Amino acid sequence: MKNLKLILIATLIVASFSANAQLTGRQIVEKAYNRPTGDDQTSNLTMTLTNKSGSQRVRKIKQFKKDFGEVEKKIMFFLSPADVKNTSFMNWSYDSDKSDDQWIYLPALKKTKRISSDSKSDYFMGSDFTYDDLGDRKLDDDTHKLLREDTINGNPCYVVESLSKDEDYMYSKTITWIRKDNFVGVKKEFYDEDGELLKILTIKKVEKISGFWIITHSEMKNVQKNHKTNMVLSNVQVNSGVSASKFTERMMMRGL
């Protein structure tokens, strides 16, 4: 009986490795997209912008996220410094082909502005993230190809190339390193419309919080401008019961 159990366990392990080996690029990206991160999440975000001369600007943000099933809503409130305080941003990502809805509230104008599709290539608040980067890319907006396997910080990864189906999209392609064990993307290269490397997203730290793998430190570097943005999360809380009423234009204007 003991030998039989060992054989069964060995068979399951081999089957598991075999199944992973046969994953297509699309299947790998789909698993990364569908990676569970909890029903809701709150955190403090420190955003540090560093220019080519090394000068830094630091911004403090409070952010909330909630999964409603067919739509995932995120909202962030800028707390400091004074020139961006009370600015807020909201993103709704749909579990369908519908494009993300995005809004920004600018306190100087005392009005909420909807981000148009033409503006999603603009950079968000002087960072190296575009409005599009802050949303969720649809799985079938690209064709995905498994290029090879690699290792980052001792973690085996799939390396997947994603080519945009839209010739007018701001990135001609991206290349993503996705960990085999938890399907967290730990590195991503963004190529401009001419096929030149534009930006590199590096995940500096991934933590298991309340049973979920959460990215708590990331860096986006624009290699063409030699400018980078560091994002560090702290006081992360998962499944704390974020109110659905948090994600409205009224709340954007009201603030925390």
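With the condition kept exactly as written, say whether any residue in region 221-233 is exposed (fewer than 12 other Cβ atoms within 10 Å of the Cβ) and closer than 20 Å to LYS66 by Cα.
No: region 221-233 contains no residue that is exposed (fewer than 12 other Cβ atoms within 10 Å of the Cβ) and closer than 20 Å to LYS66 by Cα.
Among the residues of region 154-176, is any more than 28 Å from TYR123 (Cα to Cα) and crowded, with 19+ Cβ neighbours inside 10 Å?
Step one: of region 154-176, the residues more than 28 Å from TYR123 (Cα to Cα) are 154-158.
With the extra rule that they be crowded, with 19+ Cβ neighbours inside 10 Å, the set shrinks to 157-158.
Yes, some residue in region 154-176 is more than 28 Å from TYR123 (Cα to Cα) and crowded, with 19+ Cβ neighbours inside 10 Å.
Give region 241-256 a look and list any residue that's surrounded by 13 or more Cβ atoms within 10 Å (Cβ to Cβ) and not aliphatic (A, V, I, L, M), or say none.
If we filter region 241-256 for residues that are surrounded by 13 or more Cβ atoms within 10 Å (Cβ to Cβ), which is where we start, we get 242, 246-249, 251-253, 255.
Result: LYS246, PHE247, THR248, GLU249, GLY255.
Is region 102-119 home to any residue that is part of a loop (DSSP other than H, G, I, E, B), buried (at least 19 other Cβ atoms within 10 Å of the Cβ) and out of contact with any Cys (no Cβ under 7 Å at 6 or more places or on another chain)?
The initial filter retains those residues of region 102-119 that are part of a loop (DSSP other than H, G, I, E, B), namely 107-110, 115-116.
So of that shortlist, the ones also buried (at least 19 other Cβ atoms within 10 Å of the Cβ) come out as 115.
Those still in the list that are out of contact with any Cys (no Cβ under 7 Å at 6 or more places or on another chain) too: 115.
Yes, region 102-119 contains a residue that is part of a loop (DSSP other than H, G, I, E, B), buried (at least 19 other Cβ atoms within 10 Å of the Cβ) and out of contact with any Cys (no Cβ under 7 Å at 6 or more places or on another chain).
SER43 fails exactly one of the following numbered conditions: (1) among the small types (Gly, Ala, Ser); (2) at positive phi; (3) assigned to a strand (DSSP E or B). What is the number of that condition?
Only one criterion is unmet by SER43, namely (2).
Taking ASP150 as the residue in question, decide whether it is of a type in the set (Asp, Glu), outside any loop (DSSP other than H, G, I, E, B) and either at pLDDT 95 or above or surrounded by fewer than 16 Cβ atoms within 10 Å (Cβ to Cβ) (or both).
Yes, satisfied.
For THR143, are the conditions met, namely being hydroxyl-bearing (Ser, Thr, Tyr), under 16 Å from the mean Cα position of the chain (by Cα) and at pLDDT 95 or above? Steps first, please.
On the way: hydroxyl-bearing (Ser, Thr, Tyr): yes; under 16 Å from the mean Cα position of the chain (by Cα): no; at pLDDT 95 or above: yes.
For THR143, the condition - hydroxyl-bearing (Ser, Thr, Tyr), under 16 Å from the mean Cα position of the chain (by Cα) and at pLDDT 95 or above - is not met.
May I ask you to verify whether ASP97 is under 16 Å from ARG137 (Cα atoms) and not in a strand (DSSP E or B)?
Spelling it out, ASP97 is indeed under 16 Å from ARG137 (Cα atoms) and not in a strand (DSSP E or B).
Of these, ASP181, ASP128, ASP168, which one is part of a loop (DSSP other than H, G, I, E, B) and closer than 17 Å to VAL232 by Cα?
Details: ASP181 fails: closer than 17 Å to VAL232 by Cα; ASP168 fails: closer than 17 Å to VAL232 by Cα.
None of the other options fit; the residue is ASP128.
How about region 214-229: which of its residues are within 20 Å of THR176 (Cβ to Cβ), over 13 Å from the mean Cα position of the chain (by Cα) and either among the charged types (D, E, K, R) or assigned to a strand (DSSP E or B) (or both)?
Initially, region 214-229 is screened for residues within 20 Å of THR176 (Cβ to Cβ), giving 214-224, 228-229.
From the residues that got through so far, the ones that are over 13 Å from the mean Cα position of the chain (by Cα) too are 221-224, 228-229.
Passing the criteria: LYS221, ASN222, LYS228, THR229.
State whether one or more residues within region 241-255 are modelled with pLDDT of 95 or more, part of a strand (DSSP E or B) and either of a type in the set (A, V, I, L, M) or more than 19 Å from ASP40 (Cα to Cα) (or both).
No - not one qualifying residue is present in region 241-255.
Given (1) of a type in the set (D, E, K, R); (2) out of contact with any Leu (no Cβ under 9 Å at 6 or more places or on another chain); (3) over 26 Å from LEU45 (Cα atoms), where does ASP132 come up short, assuming only one miss?
Here ASP132 clears every test but (3).
Name the residues in region 144-179 that are among the β-branched types (Val, Ile, Thr) and touching a residue at least 60 places away in the same chain (Cβ under 8 Å), would you?
Going residue by residue through region 144-179, those that are among the β-branched types (Val, Ile, Thr) are 151-152, 159-160, 174-176, 178.
Matches in region 144-179: VAL160, THR176, ILE178.
Here is a list: LYS208, LYS204, LYS225. Which entry is among the charged types (D, E, K, R) and in contact (Cβ under 8 Å) with a residue 60 or more places away in the chain?
Details: LYS208 fails: in contact (Cβ under 8 Å) with a residue 60 or more places away in the chain; LYS204 fails: in contact (Cβ under 8 Å) with a residue 60 or more places away in the chain.
When all the criteria are applied, what remains is LYS225.
Looking at (1) part of a loop (DSSP other than H, G, I, E, B); (2) modelled with pLDDT of 95 or more; (3) of a type outside the set (Gly, Ala, Ser), which is the one condition that is false for PRO36?
The single condition PRO36 does not satisfy is (2).
Out of the residues in region 46-83 that are of a type in the set (A, V, I, L, M) and surrounded by fewer than 20 Cβ atoms within 10 Å (Cβ to Cβ), which is farthest from GLU219 (Cα to Cα)? It would help to see each step written out before you state the result.
So in region 46-83, the residues of a type in the set (A, V, I, L, M) come out as 47, 49, 58, 61, 71, 75-76, 79, 82.
Subsequent filtering for residues that are surrounded by fewer than 20 Cβ atoms within 10 Å (Cβ to Cβ) retains 49, 58, 71, 79, 82.
Working: LEU49: 10, VAL58: 14, VAL71: 27, LEU79: 21, ALA82: 24 Å.
Among those that are of a type in the set (A, V, I, L, M) and surrounded by fewer than 20 Cβ atoms within 10 Å (Cβ to Cβ), it is VAL71.
The values are calculated or read from the model by the stated rules, or taken from the named source; none is laboratory data. The model shown is predicted, which means the values in this text are computed figures rather than measured ones. No Cβ is skipped: glycine too gets one built from the backbone with ideal geometry, and neighbour counts run over all protein chains shown.
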